[in-house]
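Worksheet: one structure, shown below.
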Amino acid sequence: MGRKQAALQRKVARLAGDWSDPHDEVSWSKRDIVQNIDVSDDGEVQLTIKPSRPHCPCCLIDLNNFRKKMCDLKGVTFVEIKIVGVPASDRWERTLNR
């Protein structure tokens with residue numbers, strides 16, 4: 001792994017770890033929300049996320065804001081979010097990854 005990719009992985013992990021749940025301001029690093037992060041050599045980021053509230057529209061909006069912020073990181077070329085542990089996760093994914 002090159003230095004650029006390692007630096008990008010740290011930036012992605014920091015953003016995901018510092019992001020807070022919209023309901024109680026507890027960071028994702030203190031919850032079991034981010035299940036997996038994969039950063040490829042060309043800057044593609046794949047995240048597996050388990051939302052804390054599966055029926056909450058503001059959690060979906062917050063995830064969309066998180067994805068936009070992740071896309072703004074220098075070096076990130078594409079972000080794909082996989083949702084697990086909630087009903088109709090495919091609908092969440094379609095909305096987020098449009």
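Given the criterion in contact with a helix residue (DSSP H, G or I) (Cβ under 9 Å, 6 or more places away or on another chain) and free of Cβ contacts under 8 Å to residues at least 60 places away in the same chain, identify the matching residue among S89, S52.
One residue alone meets the criteria, S52.
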Residue list for the range 44-73, filter: in a loop (DSSP other than H, G, I, E, B) and at pLDDT below 95 = K50, P51, S52, R53, P54, H55, C56
Boolean, R10 is of a type outside the set (S, T, Y), surrounded by fewer than 14 Cβ atoms within 10 Å (Cβ to Cβ) and part of a helix (DSSP H, G or I) | yes
If V79 passes every condition in (1) touching a Cys at 6+ places or on another chain (Cβ under 6 Å); (2) not in a strand (DSSP E or B); (3) not acidic (D, E) but one, which one does it miss?
-> (2)
From the residues in the range 38-80 that are touching a Lys or Arg at 6+ places or on another chain (Cβ under 6 Å) and not hydroxyl-bearing (S, T, Y), which one is farthest from D18 (Cα to Cα)?
-> V79
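Going through V45, V39 one at a time, which residue ends up being within 16 Å of L96 (Cα to Cα), without any contact (Cβ under 8 Å) to a residue 40 or more places away in the chain and touching a helix residue (DSSP H, G or I) at 6+ places or on another chain (Cβ under 6 Å)?
Selected residue: V45, the only one of V45, V39 that is within 16 Å of L96 (Cα to Cα), without any contact (Cβ under 8 Å) to a residue 40 or more places away in the chain and touching a helix residue (DSSP H, G or I) at 6+ places or on another chain (Cβ under 6 Å).
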Taking the range 65-98, which residues are exposed (fewer than 15 other Cβ atoms within 10 Å of the Cβ) and closer than 20 Å to A13 by Cβ?
-> N65, K68, K69, C71, D72, K74, T77, F78, E80, V84
For the range 43-62, how many residues meet the condition of being more than 30 Å from R3 (Cβ to Cβ) and surrounded by 13 or more Cβ atoms within 10 Å (Cβ to Cβ)?
-> 9
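The values are calculated or read from the model by the stated rules, or taken from the named source; none is laboratory data. Treat the numbers as computed from the prediction; the structure is a model and nothing was measured. Note: ideal-geometry Cβ built from the backbone for every residue, glycine included; neighbour counts use all protein chains shown.
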